[in-house]
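Just so it is clear, none of the values below were taken in a lab; they were calculated from the coordinates. These numbers come from a predicted model, not from an experiment. FYI the Cβ positions are ideal-geometry reconstructions off the backbone, even for glycines, and counts take in every protein chain you see.
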């Protein structure tokens, strides 16, 4: 018996040392699949070697960096696979299991709980990864992470999780179908892998392998190797039928108007052309799964509000279509601009170091057509977008993009390139350039360029960022979401971090004084824009934070200069106890009334607040609110808005 234990210990230590040194780890094939029940009594888990070697291999990355994981949070991971799935068993030890926070909640809404997660780069290119999170109740959060876009939580990946709280912590089992993953099958398949764990009552998140300051999941992942792993042909067909009834009641009448009935019959499908290339197609896609638009106040907004895409066909793989961009452009392909699609087709995939995608869709009712008139609102509009990136080292890449829209004789074409490189572990450099051409029957020809360059430097102590971006007045990109054109601006932000003391008993974890500045020329509004903001951020235990900020500056609007940034802003939030999360913030100062004819200087006050009460893992009661008030300088009130939103949910599995 002693000989067996000694041999097991040697194997365990050798594997742990291999992980620590960055060597590949070979995963054992499972003789029979484990049962997904959150209980680690399966034969496959008894044979699998737990990873990593010691708790100190896990290192904190938020809000503090570089602290070793305490022994009381020891975390063990086991991995196995067969011809259909890859399996993970994660045992998260905790000597105070009664303080573990967990809820049975809807997807992507459990980040204030305890959780364990992985970043799986199945293609091994360092350009895209599946981020899969589970809390101790098995509630899922997931994202597609790309070098250009970061984490995109719009996508919902097909995977399975089961979890249980135990007397020594909690256990999570995960099953990922091979049909979900993109990889090149063969006798030896290598994937990148990194794990995260979040402890809610301390507010600290840990990673293994360690993520150094300025680095992300593609920089220092562990690598796992599967023998004789074959891809499975992906075939999905999703028919849909939806029926809706809508009635409106005019404010001048007590009677409801006639009902407007709407029936949608559609079908969506997915086909794996090869192991790394997938075709998605849809006809009259189903809108029944689309969530309500985000809770936002829309009064007196200079820039358009952004709403995330929620339609399944468009969410799949959309992180690829984004590019390195500055402050003004949020995404180069915003599919919510395709309002009522008749059909859509999309091919995405990876071949060697090249990742690519092509999207084509026809919009039946594009709606907003600018100055062309309402008669064009119901004319079909065709969208096409193509994107490719070539992986360099780690997460570095160079990429190209083109987009085209055609609508009733009008054509908009945009082509461009971007890059993102890390000269060193603490530095990053990004740049992009786009050129647009717009013209056609009844439309004046227009040409414009847009671009940005950014540089960042980050260590445990310092963070520094610099950026310049430029947009020609005539730049147009129909597929993108961007706030404005016709300006040139430079930005900088500087931050220094102090860590008062390590240890779970000290409640202040990080203190960060910061300064942010901007200066630019707005050629459309015929004026300059500048501001400087300075403040301090504090991070506490229990996921607590406090932000105090003061700013000063001006903004041009309709040829006049207005005070717009002379404000005080305060924000705070905390997981006060296991069952109560509270947050709130307020800001006050000069503001502009954005009227096209008669704008004026005003004084504003705004606030937001919220609380979530969760007496057990099934029941959740939430309340959130926003206020917005604007007065003229004389004191006359222009508007005063209060918006409240409450939600009570009981969920079970």
- [ ] Would you compute the Debye intensity of the range 179-280 from its alpha-carbon atoms alone, equal scatterers and no solvent, and pass along log10 I(q)/I(0) at q = 0.13, 0.18 Å⁻¹ to two decimals?
- [x] -0.78, -0.98
TODO: List the extent of the Cα atoms of the chain along each of their three principal axes, largest first, rounded to whole Å.
DONE: 88, 59, 54
- [ ] Whole Å is fine, so just give me how far the alpha carbon centre of the range 595-645 lies from that of the range 65-106.
- [x] 39 Å
TODO: Note down the relative contact order for the range 2-229 as a percent, whole number, built from C-alpha pairs under 8 angstrom at least six residues apart.
DONE: 24 percent
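Over 26 Å apart: what share of the alpha carbon pairs of the range 317-462 falls there, rounded to a whole percent?
35 percent
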Open item on the list: With angles folded into 0 to 90 degrees, how steeply does helix 2-20 sit against the dominant principal axis of the chain? Use alpha carbons for both and round to 10.
Closed with: 30 degrees
TODO: Take the Cα gyration tensor of the range 2-229, multiply each eigenvalue by 5, square-root it, and list the three semi-axes largest first, rounded to whole angstrom.
DONE: 23, 22, 19
Open item on the list: Using only the alpha-carbon atoms of the range 299-361 as identical scatterers, what base-10 log of I(q)/I(0) does the Debye formula give at q = 0.19, 0.20, 0.22 Å⁻¹?
Closed with: -0.85, -0.92, -1.04
Task: CD proxy at 222 nm, helix term only [per DSSP H run n ≥ 4: -39500 (n - 2.57); per residue of the chain; nearest 500] - done: -1000 deg cm²/dmol
Open item on the list: Quick check: Cα centre of the range 493-563 to Cα centre of the range 381-431, how many Å?
Closed with: 30 Å
Open item on the list: Going by average Cβ density within 10 Å per residue, which order do the peptides 586-597, 179-190 take, highest to lowest?
Closed with: 179-190, 586-597
Task: Contact order relative to length of the chain, as percent, for alpha carbon pairs under 8 angstrom and 6 or more apart - done: 8 percent
TODO: May I ask for the equivalent-ellipsoid semi-axes of the range 544-642, computed as the square root of five times each C-alpha gyration tensor eigenvalue and listed largest first in whole Å?
DONE: 35, 15, 10
Task: Taking the C-alpha atoms of the range 119-184, convex hull volume expressed per residue in Å³ - done: 91 Å³
Open item on the list: What whole-number distance in Å separates the alpha-carbon centres of the range 326-349 and the range 172-223?
Closed with: 28 Å
Task: Dimensionless Rg ratio for the range 413-568, taking C-alpha atoms and the 2.2 N^0.38 Å reference - done: 1.34
- [ ] Could you pull the Rg and Dmax for the range 600-648, using just the Cα atoms, both in Å?
- [x] 16.2, 51
